[in-house]
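K.L.:
I have a structure I would like to understand better, so I am pasting it below and will then ask my questions one at a time.
The values are calculated or read from the model by the stated rules, or taken from the named source; none is laboratory data. This is a predicted model, so every value here is computed, not measured. We place every Cβ from the backbone using ideal geometry, glycine too, and count neighbours over all the protein chains shown.
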Amino acid sequence: MSLADALSQPDRTAEALRAAQLYYVQDLTMEAIAQELHTSRSSVSRLLGYARESGLVDIQVRSPHDMPSRLEAEFRDRFGVTAHIVPVPDHTSDIDRLERVALSAARFLGSVFDSNMTLGLAWGSTVSAVARHLTPKRTHNSQIVQLNGAANTRTSGILYASEILHRYADAYGAYAQQFAVPAFFDDPSTKLALWRERSIRRVLEIQRRMDVALFGLGSQLSGVPSHVYVGGYLDDSDFEALASAGAVGDVATVFFRADGSWRDIPFNNRASGPDLDVLRGVSRRICVVAGAAKVPPLLGALAGGLISDLVVDEGTARAAIDQHDAQR
């Protein structure tokens, strides 16, 4: 159920909105609401469920004893970022851990992205997971721009990247701007030549003007495989070159080291993702991370100043703090 679907059912939407206002705003019981609306208690329950599913109601839980939590405060003090810690039991599988973090990230994104904004997306497993949990929100004059190409020697990547991009565009009523170039170029000079084309320069300019960037962190060791590492984008020689350069992860197919440096990694000359200085210039840089395998790239991205807002599970956050303190 989307907000657009709800708007196509005005009578039911009006009833659900009335029930939600009585229940959440005026604190009436479901029995009292049923009497006022001349319906049954079970019908009121269904109306409230409809209001939540369609995005008419957005429920948030805030504890005065955990705001900000200890880990969130530690991230702010150590790294200067706003962390949104997602409680996840330690025994949770990597897949379920990602889904729970993605759900929180989707809700946070909805509170940040609005009309007259541009959202940049780095396609991948994490951003795709967030897309599954987006709450529809009507915006105006907004756009979603793809940050890096998706083609390789096996596929154009258009279907994969386009599906992710359009989920966000549909959720926010925004225009989707694709970036139809390879993820990695065989020859850096080919990239430089293509980057001079007006059609490509137009997309690059949109990227430079984005208000919000949403991305995960690529990691070769992640429990939920990073798409760029398993999707045929890199061969053995590429992995060797990245290891030799000391790369620990990537953002939008641009690789960085544990200390956050990236400019002198030769492989980045072939990457289609944005210059990380462009990313650092974006006011809201939302990074979504789940799983202990992402700790090394997370610390590298933090060291490089790539993140302003972090959505992360509690176990990974704790491991990142411990590893950072141990390295000092």
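K.L.:
Identify the residue in region 172-193 that is in contact with a helix residue (DSSP H, G or I) (Cβ under 8 Å, 6 or more places away or on another chain) and polar (S, T, N, Q) and, among all such residues, is nearest to A252 (Cα to Cα).
P.N.:
Of everything passing the filter in region 172-193, Q178 is nearest to A252 (Cα to Cα).
K.L.:
Here is a follow-up. In region 92-113, how many are surrounded by fewer than 23 Cβ atoms within 10 Å (Cβ to Cβ), β-branched (V, I, T) and part of a helix (DSSP H, G or I)?
P.N.:
The qualifying residues number 2.
K.L.:
List the number of the failed condition for R280; all other conditions in (1) within 27 Å of S142 (Cα to Cα); (2) in contact with a helix residue (DSSP H, G or I) (Cβ under 8 Å, 6 or more places away or on another chain); (3) in contact (Cβ under 8 Å) with a residue 24 or more places away in the chain hold.
P.N.:
(2)
K.L.:
Let me ask another. Criterion first (under 30 Å from G110 (Cα atoms), touching a Ser or Thr at 6+ places or on another chain (Cβ under 6 Å) and assigned by TED's automatic domain parsing to the domain that holds P266) does A174 satisfy it?
P.N.:
Answer is yes for this residue.
K.L.:
I'm trying to understand the selection: among the residues of region 208-234, which are over 16 Å from the mean Cα position of the chain (by Cα) and modelled with pLDDT of 85 or more?
P.N.:
R208, R209, listed by residue number.
K.L.:
A follow-up question, please. Let me spell it out: the conditions are (1) in contact with a strand residue (DSSP E or B) (Cβ under 7 Å, 6 or more places away or on another chain); (2) closer than 27 Å to S93 by Cβ, and F267 meets all of them except one. Which number is the exception?
P.N.:
In the conditions (1) in contact with a strand residue (DSSP E or B) (Cβ under 7 Å, 6 or more places away or on another chain); (2) closer than 27 Å to S93 by Cβ, F267 misses (2) alone.
K.L.:
Another one. Consider region 104-118. How many of its residues are under 26 Å from D313 (Cα atoms), more than 10 Å from the chain's Cα centre (by Cα) and among the aliphatic types (A, V, I, L, M)?
P.N.:
Final tally of qualifying residues: 1.
K.L.:
Looking at region 186-198, can you tell me whether even one residue there is under 27 Å from G305 (Cα atoms), without any contact (Cβ under 8 Å) to a residue 60 or more places away in the chain and either among the small types (G, A, S) or part of a helix (DSSP H, G or I) (or both)?
P.N.:
Among the residues of region 186-198, at least one is under 27 Å from G305 (Cα atoms), without any contact (Cβ under 8 Å) to a residue 60 or more places away in the chain and either among the small types (G, A, S) or part of a helix (DSSP H, G or I) (or both), which makes the answer yes.
K.L.:
Can you tell me which residue in region 301-315 is surrounded by the most Cβ atoms within 10 Å (Cβ to Cβ), limited to those that are assigned to a helix (DSSP H, G or I) and in contact (Cβ under 8 Å) with a residue 60 or more places away in the chain?
P.N.:
Ranking the candidates gives A301 first.
K.L.:
Which ones in region 153-175 are surrounded by 18 or more Cβ atoms within 10 Å (Cβ to Cβ) and outside any helix (DSSP H, G or I)?
P.N.:
G157, A174
K.L.:
Still on this structure: Has region 183-205 got any residue that is farther than 23 Å from L302 by Cα and surrounded by 21 or more Cβ atoms within 10 Å (Cβ to Cβ)?
P.N.:
Yes, some residue in region 183-205 is farther than 23 Å from L302 by Cα and surrounded by 21 or more Cβ atoms within 10 Å (Cβ to Cβ).
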